[in-house]
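Trainee: First, the structure itself, so that you have it in front of you.
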Amino acid sequence: MKIALVIGSTISTIKDEAMHGRKLLIVRDTDTAGKVTGEPYVAVDTVGSGTGDLVLVTDGSSARFTTQTTNAPVDAVIVGVIDSLEMSGKVTYRKE
Amino acid sequence: MKIALVIGSTISTIKDEAMHGRKLLIVRDTDTAGKVTGEPYVAVDTVGSGTGDLVLVTDGSSARFTTQTTNAPVDAVIVGVIDSLEMSGKVTYRKE
Amino acid sequence: MKIALVIGSTISTIKDEAMHGRKLLIVRDTDTAGKVTGEPYVAVDTVGSGTGDLVLVTDGSSARFTTQTTNAPVDAVIVGVIDSLEMSGKVTYRKE
Amino acid sequence: MKIALVIGSTISTIKDEAMHGRKLLIVRDTDTAGKVTGEPYVAVDTVGSGTGDLVLVTDGSSARFTTQTTNAPVDAVIVGVIDSLEMSGKVTYRKE
Amino acid sequence: MKIALVIGSTISTIKDEAMHGRKLLIVRDTDTAGKVTGEPYVAVDTVGSGTGDLVLVTDGSSARFTTQTTNAPVDAVIVGVIDSLEMSGKVTYRKE
């Protein structure tokens, strides 16, 4: 899973019913301190996250394996909100 | 999903029946302002999009999970037209 | 799908029966003018393509979804020969 | 599979039951001497590994194919602890 | 599929029974002359290959589709030994 920061959202016109009502957030991968390092992409929110949250993103086919995205044509899904990251006993990120 | 700009189309000779009649568009990934950043690739249109549209592209196995691409040998599909992108309360892109 | 140029072929000793008799071509991704930009990789031909053809390559799990590659351990397959590419009303590539 | 070093762990709030109780470790890909070369990402531990271990990481859909991650929305899983790496008869890494 | 050179092997402690007894080789992607260009990763051998062999590697979910890796948590498998590579009628690699 990727460590990613939620930076925004998108309103899109989507025909596929499996995606109706899903919140589409814009995220960027980060390092272990929560600093963005990657390009923006769109992930389906399944945990009630929002802008400023550091989250866990599952991509590829496994994005269809949350209870909210079963068989949906999605390739990235937010599966968790990160509370803390710890490296060698030192906390590098903690949710405020 | 990727944020991508439709930049063109391709006519190809394809044997596989699951892909017959599908519109194949050329897209490039963009940043959150709609400026292209990635290399061109081909995605199946399922939403009636065209050149100049900013779209959401699902890639990998999930590209087979729209109602129009079930079990087709496709690895990228346009699942939505982006109406707007918003970062921290500021609109960075709005469809004209 | 990728836009790719067929640049060669490989003879390999393969045990898996699902791949027997399949033509394995070497391809490189290209830009929209057919100029190679990517590294070489091997794709299974399913459309009778050959060196010099610009083709559409499907990769990942969807490579198993042509009628000729069902359940085969392949991750890239040529699904079409590109006849033309058009950007904003201008033809950037046409098959000779 | 990737050769990766476990560098830390994350505490996250995850709704999906298939992931409950799973240890989420932060890893970085390495070269054959165990020196980190890649960006950090999160993998589910299935072998009791911890910080400082060099491990084998399976990613993509196959991450769902361990007995502990069946049908879970995960895209990276630690499937083994590396005991040694050998190049041309020379040991380049041995677990202490 | 990737063109890759077998450069070594790994001994790992793996719990998953589907991977028991499988030879895990370290490979690096190469160009069409067999010169390494990519980073090392681990692939399951299914064809009796060894150090110095140029091989075909299938990655992603299709790595589970050889008869020896069915439903195993593996994401890269060696499916063939390359005998020769030919570009535009010229042999660029031949197995010794």
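The values are calculated or read from the model by the stated rules, or taken from the named source; none is laboratory data. Just so it is clear, the model here is predicted, and its values are computed rather than measured. For neighbour counting, all protein chains shown are included, and Cβ atoms are generated from backbone atoms with ideal geometry for every residue, glycine included. Only protein heavy atoms, including side chains, enter the accessible area calculation; ligands, DNA and RNA are left aside. Shrake-Rupley method; radii C 1.70, N 1.55, O 1.52, S 1.80 Å.
Trainee: With a 1.4 Å probe, how much accessible area is buried between chains A and D, both sides summed, in Å² to the nearest hundred? Before the final figure, lay out each step's value.
Mentor: Details: alone 5900 and 5890 Å², together 9750 Å².
So the buried area, both faces added, is about 2000 Å².
Trainee: While we're here: Using a label position 7 Å from Cα in the Cα→Cβ direction, what is the ascending list of nm distances from E:I11 to the same site in the other copies?
Mentor: Ordered by increasing distance: 3.9, 3.9, 6.3, 6.3 nm.
Trainee: Oh, and also: Could you tell me the relative contact order of chain B? Use alpha-carbon pairs under 8 Å, at least six residues apart, and round to a whole percent. Don't skip to the answer; put the middle values down first.
Mentor: Numbers: 205 pairs, mean separation 26.4, N = 96.
RCO, chain B: 27 percent.
Trainee: Moving to a separate point now. List, in order, the whole-Hz ³J(HN,Hα) value for each residue of region D:19-33 obtained from phi through the Karplus relation with A = 6.51, B = -1.76, C = 1.60 and θ = phi - 60°; use x for Gly and Pro.
Mentor: Per residue, the Karplus-derived 3J(HN,Hα) values read 9, 4, x, 7, 7, 9, 9, 9, 10, 9, 4, 10, 8, 7, 9 Hz.
Trainee: Note down the accessible area of A:S49, probe 1.4 Å, to the nearest 10 Å².
Mentor: Accessible area, nearest 10 Å²: 0 Å².
Trainee: How big is the charge dipole of chain D about its Cα centre, in debye rounded to the nearest 20, if each Lys and Arg gets +1 on its Cβ and each Asp and Glu gets -1 on its Cβ?
Mentor: Details: 10 positive and 12 negative charges, 18 e Å.
Taking the Cα centre of chain D as origin, the dipole is about 80 debye.
Trainee: At 10 °C and 1.306 mPa s, grab the translational diffusion coefficient of the protein assembly as shown from Stokes-Einstein with a Kirkwood Rh over Cα pairs, rounded to a whole number in µm² per second. Kindly include the intermediate steps, with their values, before the conclusion.
Mentor: Values: Rh = 22.8 Å.
Reported coefficient: 70 µm²/s.
Trainee: Sequence neighbours fewer than 8 away in the same chain don't count; with that in mind, list the lysines whose C-alpha is under 23 Å from E:K15.
Mentor: Partners within reach: D:K2, D:K23, D:K95, E:K23.
Trainee: Report, to the nearest whole %, how much of the accessible area of region C:20-96 belongs to carbon and sulfur atoms, 1.4 Å probe, protein only.
Mentor: Values: 1360 of 3070 Å².
On region C:20-96, the fraction of accessible area on carbon and sulfur atoms equals 44 percent.
Trainee: Once phi is turned into ³J(HN,Hα) by the Karplus curve 6.51 cos²θ - 1.76 cosθ + 1.60 with θ = phi - 60°, what whole-Hz value does each residue of region A:38-46 show in order, with x for glycine and proline?
Mentor: Per residue, the Karplus-derived 3J(HN,Hα) values read x, 7, x, 8, 10, 10, 7, 7, 10 Hz.
Trainee: Please work out the Cα center distance from region C:1-60 to region A:1-62, rounded to the nearest Å.
Mentor: 33
Trainee: Kindly tabulate the residues in region D:56-70 with an accessible-area decrease of at least 30 Å² between the chain alone and the assembly of all protein chains, using a probe of 1.4 Å.
Mentor: D:L56, D:S61, D:S62, D:R64, D:F65
Trainee: Over region A:42-96, what is the mean sequence separation of C-alpha contacts under 8 Å (at least six apart), divided by residue count, expressed as relative contact order in percent?
Mentor: Working: 84 pairs, mean separation 20.3, N = 55.
The normalised contact order for region A:42-96 reaches 37 percent.
Trainee: Let me ask something additional. I need the fraction of alpha carbon pairs in region D:2-85 separated by more than 21 Å, rounded to a whole percent. Please list the in-between numbers first.
Mentor: Working: 789 of 3486 pairs.
Beyond 21 Å sits 23 percent of the P(r) for region D:2-85.
Trainee: Label 7 Å along Cα→Cβ of B:A33; region A:1-44 residues with amide nitrogen under 20 Å?
Mentor: A:7-11, A:26-29, A:36-42
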